[in-house]
Amino acid sequence: STRGLGKALAREFLLSGDRVVIASRSPESVLQTINELEENIQEGLSVAKKKQREILLHAKVVGTSCDVCKPEDVKKLVNFAKDELGSIDIWINNAGTNKGFRPLVNFSDEDISQIVSTNLVGSLLCTREAMNVMQHQQKGGHVFNMDGAGSGGSSTPLTAVYGSTKCGLRQFQASLLKESRRSKVGVHTASPGMVLTDLLLSGSSLRNKQMFNLICELPETVARTLVPRMRVVKGSGKAINYLTPPRILLALVTAWVRRGRWFDEEGRAVYAAEADRIRNWAESRARFSFTDAMEMYTENTWVSVFSLSVVCAFIILSSSGGPLPGT
């Protein structure tokens, strides 16, 4: 949680007035990120109105080093969180790596071991320790595992190891749901879609980047959608997704204006650095976007079905050489 989506999630929880624990293998990264997030809180306070200011005054960020592949480190992280917060309401297993895009035969022993250890073993260890704490809390708690490419069993060429770990996590989730039916702990998945992070961009080709222009989003944009839903989740077995049918539809029908929004024709990044993007984030995040408005209505089944139907029709027309040539 010291970079990419994890850091953006931490920031969004803080700007919602929550107390947050961040973790990373590097103590230096943890300290640096805490300082940055505390600055974000102060920036939020400087532009907040009275009610929002009262909420922000409760925000707190602390952190510690942790290698999620090591059981003893995970136990220390849980104890640290209990000492700092008293109880743990939400636990997010966000740590992940893919070691770039290339055929399996080009992955080293160390690469394979680290991917499986971080993505799968780390999530197993962290979930176990979080549930051990939450099941003894009066209000229980909620654990989120991150979906990714391969979660549904689809093929992931050039990222076979990463995809297999995400597929394994989906089976893990299904098993946990049955194990914890009568538990006070909710187990859920969060699917951020494609996010412009180092994890996604490592080893990506020019063709990849051209596709990223159409469907990818910045970490803070995704966090702004995921966090509010994580904060109010109830029960167990919920799937919180960024790429909902309305968002997919919007991406498809606006594909022609999305070309070049993140990368130019030569694959060079044209988007602002994180520090520049979040300079006024505390203020701009309050704006109500068109996709946020669409998202409000996806709880109604008929709207979700209609949106998905339009997406399917759009794809069929495009692939059959219908009235949308070149799409």
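Just the residues that are more than 15 Å from the chain's Cα centre (by Cα) and among the acidic types (Asp, Glu), please, taken from the range 1-24.
Asp18
Any idea which residue in the range 89-118 is surrounded by the most Cβ atoms within 10 Å (Cβ to Cβ), counting only those that are of a type in the set (A, V, I, L, M) and more than 19 Å from the chain's Cα centre (by Cα)? So that I can check it myself, show each step before the final result.
Going through the range 89-118, the residues of a type in the set (A, V, I, L, M) turn out to be 90, 92, 95, 104-105, 112, 115-116.
From what's left, more than 19 Å from the chain's Cα centre (by Cα): 104-105, 112.
Values: Leu104: 13, Val105: 5, Ile112: 15.
The qualifying residue surrounded by the most Cβ atoms within 10 Å (Cβ to Cβ) is Ile112.
Which of the residues belonging to the range 153-172 are more than 16 Å from the chain's Cα centre (by Cα) and open to solvent by 70 Å² or more (accessible area, probe 1.4 Å)?
Selection gives Ser154, Ser155, Pro157, Leu158, Gln171.
Could you tell me whether the range 199-216 includes any residue that is touching a strand residue (DSSP E or B) at 6+ places or on another chain (Cβ under 7 Å) and under 20 Å from Lys7 (Cα atoms)?
Yes: one or more hits.
Restricting to the range 215-268, what's the tally of residues that are out of contact with any His (no Cβ under 8 Å at 6 or more places or on another chain) and closer than 20 Å to Asn145 by Cβ?
So the first thing to find is which residues in the range 215-268 are out of contact with any His (no Cβ under 8 Å at 6 or more places or on another chain), and the list is 215-229, 231-232, 234-235, 241-268.
Of the ones still in play, those that are also closer than 20 Å to Asn145 by Cβ are 219, 222-223, 225-229, 231-232, 234-235, 241-244.
Counting residues in the range 215-268 that are out of contact with any His (no Cβ under 8 Å at 6 or more places or on another chain) and closer than 20 Å to Asn145 by Cβ gives 16.
Anything in the range 31-58 that is hydroxyl-bearing (Ser, Thr, Tyr) and over 24 Å from Leu5 (Cβ atoms)? List them, or say none. Break it down into steps so the answer makes sense when it comes.
First, pick out the residues of the range 31-58 that are hydroxyl-bearing (Ser, Thr, Tyr): 33, 46.
Ser46, the sole residue that qualifies.
(1) modelled with pLDDT of 90 or more; (2) over 30 Å from Asp276 (Cα atoms): which one isn't true of Arg182, the others all being true?
Among (1) modelled with pLDDT of 90 or more; (2) over 30 Å from Asp276 (Cα atoms), Arg182 violates only (1).
When both residues are 6+ apart or on different chains and their Cβ atoms are under 8 Å apart, which pairs have a first residue that lies in the range 77-93 and is over 12 Å from Met131 (Cα atoms), and a second that is open to solvent by less than 60 Å² (accessible area, probe 1.4 Å) and of a type in the set (Asp, Glu)?
If the second residue must be open to solvent by less than 60 Å² (accessible area, probe 1.4 Å) and of a type in the set (Asp, Glu), the pairs left are Leu77/Glu129.
Residue check, Thr2 against (1) assigned to a helix (DSSP H, G or I); (2) open to solvent by less than 60 Å² (accessible area, probe 1.4 Å); (3) of a type in the set (S, T, N, Q), all met but one. Which one?
It is condition (1) that Thr2 fails.
When you go through Val133, Val121 one by one, which is the residue that is under 26 Å from Arg181 (Cβ atoms), touching a Gly at 6+ places or on another chain (Cβ under 8 Å) and either open to solvent by less than 40 Å² (accessible area, probe 1.4 Å) or touching a residue at least 40 places away in the same chain (Cβ under 8 Å) (or both)? Even if it seems obvious, please write down each step before you answer.
Values: Val121 fails: touching a Gly at 6+ places or on another chain (Cβ under 8 Å).
None of the other options fit; the residue is Val133.
Can we say Glu28 is closer than 22 Å to Ala273 by Cα and not in a loop (DSSP other than H, G, I, E, B)?
Working: closer than 22 Å to Ala273 by Cα: yes; not in a loop (DSSP other than H, G, I, E, B): yes.
So Glu28 passes the test.
On the given criteria, is Lys178 without any contact (Cβ under 8 Å) to a residue 40 or more places away in the chain and within 19 Å of Gln135 (Cα to Cα)? Walk me through it before giving the result.
Numbers: without any contact (Cβ under 8 Å) to a residue 40 or more places away in the chain: yes; within 19 Å of Gln135 (Cα to Cα): yes.
The answer is yes for Lys178.
Looking at the range 48-78, which of its residues are more than 28 Å from Thr97 (Cα to Cα) and open to solvent by 80 Å² or more (accessible area, probe 1.4 Å)?
Taking the range 48-78 and keeping what is more than 28 Å from Thr97 (Cα to Cα), we get 48-59.
Scanning the range 48-78 gives Lys49, Lys50, Lys51, Arg53, Glu54, Leu57, His58.
Among the candidates Leu250, Leu199, Leu177, which residue alone is modelled with pLDDT under 85 and over 18 Å from Asn94 (Cβ atoms)?
None of the other options fit; the residue is Leu250.
Against the condition more than 19 Å from the chain's Cα centre (by Cα), over 22 Å from His142 (Cα atoms), free of Cβ contacts under 8 Å to residues at least 60 places away in the same chain and open to solvent by less than 40 Å² (accessible area, probe 1.4 Å), how does Leu45 come out, does it pass? Spell out the reasoning first.
Numbers: more than 19 Å from the chain's Cα centre (by Cα): yes; over 22 Å from His142 (Cα atoms): yes; free of Cβ contacts under 8 Å to residues at least 60 places away in the same chain: yes; open to solvent by less than 40 Å² (accessible area, probe 1.4 Å): yes.
In short, yes.
The values are calculated or read from the model by the stated rules, or taken from the named source; none is laboratory data. Keep in mind that what you see is a predicted model, and the values were worked out from it rather than measured. Don't worry about glycine lacking a Cβ; one is built from the backbone with ideal geometry, like all the others, and counts go over all protein chains shown. Heavy atoms of the whole protein, side chains included, go into the accessibility calculation; ligands, DNA and RNA do not. Shrake-Rupley method; radii C 1.70, N 1.55, O 1.52, S 1.80 Å.
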